[in-house]
Structure formats: structure tokens, C-alpha cells
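Note sheet for the following structure.
None of the figures in this text is laboratory data; all of them are computed from the coordinates on show. Note that this is a predicted model, so its numbers are computed, not measured. Cβ sites come from the backbone with ideal geometry, for glycine too, and all protein chains shown count toward neighbours.
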Amino acid sequence: MQRKLRVRPARYPLLLALLAIAGCTKPPPPGPALSSETAADLRARDIDERKDEMLRELAVCESGGTGDSLQPIYGGRGAFVGRFQFTPSTVISYIQQMDGRSLSSREATALAHDYHQAKALAKFVIFEKDGIWNWPLCTRKLGLVQQVSDIKSLASAPLLGGTAVAQSSAR
């Protein structure tokens, strides 16, 4: 014969308290060793964030803003296009080098007006082709030569003890 476990109503608060305590334990927070991001991943993200910030500064300097614009942006009496003020011929040349595509002048103008595509192109021009000289006034005004140098130094610095070791000049 089985005996039923019977809890008296007077002991309900005690039982609920014990269940609450037993069920409310938190697992320990993940420590640095449990992180899924490696030091190299963190450095790569830091480098990308620095590049993006530098490109944002460049776009603001060149055209007064960032992101897509409702109206086409032209400068230099129509010779320069988009937030990064590319010429269509510059876009055509660097797109050919970047991914082998051949663009028409109309396609190059459309690409220059698309902020995200133009930003990717500017990143390629600056960091892969050392083409920071394409923006001479804003390069001087913003100190972009030093920023590019600092970012490249960080990218090529060895990881020691989980952090990149690179010399960076203060701005």
C-alpha cells in the first residue's frame, strides 16, 4: 500500500520559500575565458569601428553629413558626387580594381550617391590602395594621414597577452 505525501496547509509558506530559494540560483557570469570572442576578433572589431568613424568624419567634412540623402549631392559644379565627393571616373577606376566590374558613368554616379556602397569604396581606396590623397583638403583638416597610419599599425601589431601592441600618437 502506497502512502500519499500530504503537506499541511500551515507548512505551505515554508515549502514555497524552499522551492523559491532552490530555483533562484543564478549561474555564474561568463568569465573572460568563456567568451566566444577572441582577442583577434575584438581587435578586428576595434579596427573596423575606427575605420567607420574615420569615414564618417570624412563624409561630414566632404559633404556635411553621413548616410543616404534624399537629394543627390553634388560639389565642384557637379564634378563631385555623393557624401564622399567622388568623380564618376574615380569610381569607375577603383571599382574595376576592387572587384573587376566595369561601370558606366551613370552607374558610377548612382554608386557614389549610395552612401553604403560609396563608404565601402572609400574604405578600399584608403586602406587597400593608399589613396587618402583623393581627399586632400579634408585629409589635412582631419589629420587622416595619421589616423590611417594608426589604424594600419594596430592592424599589423602582434597580439601579446590578448591585446594588440601598437604605438599610437595622441590626437
Residue order, fewest to most surrounding Cβ atoms within 10 angstrom, among 61, 138: 61, 138
For residue 77 and residue 123, FRET efficiency with R0 = 25 Å and r from the beta-carbon atoms, rounded to 0.05? 0.40
Quick note, segment 49-96: a/c under 1.5 would make it rounded; otherwise a/b > b/c is prolate and the rest oblate (a ≥ b ≥ c, C-alpha gyration tensor); here it is oblate
Checked segment 39-157 against the a/c 1.5 cut and the a/b vs b/c comparison, axes a ≥ b ≥ c from its Cα gyration tensor; verdict prolate
Given H placed 1.01 Å from N in the peptide plane, which residues other than close sequence neighbours of residue 143 have an amide H under 5 Å from its amide H? none
Stretch residue 93-residue 40 to full length: gain in nm at 0.36 nm per residue minus the Cα-Cα span? 15.8 nm
For segment 51-60, Karplus couplings with θ = phi - 60° (6.51, -1.76, 1.60), whole Hz, Gly/Pro x: 4, 4, 5, 5, 5, 4, 4, 5, 4, 5
Where in segment 46-111 are there trypsin sites (Lys or Arg not before Pro) that are in a DSSP coil and have at most 13 other Cβ atoms within 10 angstrom of their Cβ? 77, 101
With the 8 Å Cα cutoff and a minimum separation of six or more residues, segment 39-157 has a relative contact order in percent of 25 percent
What's the extension gain from residue 56 to residue 146 if we count 0.36 nm per residue and subtract their Cα-Cα distance? 30.8 nm
Within segment 41-158, what is the number of lysine pairs with alpha carbons under 15 Å apart, leaving out pairs fewer than eight places apart on the same chain? 7
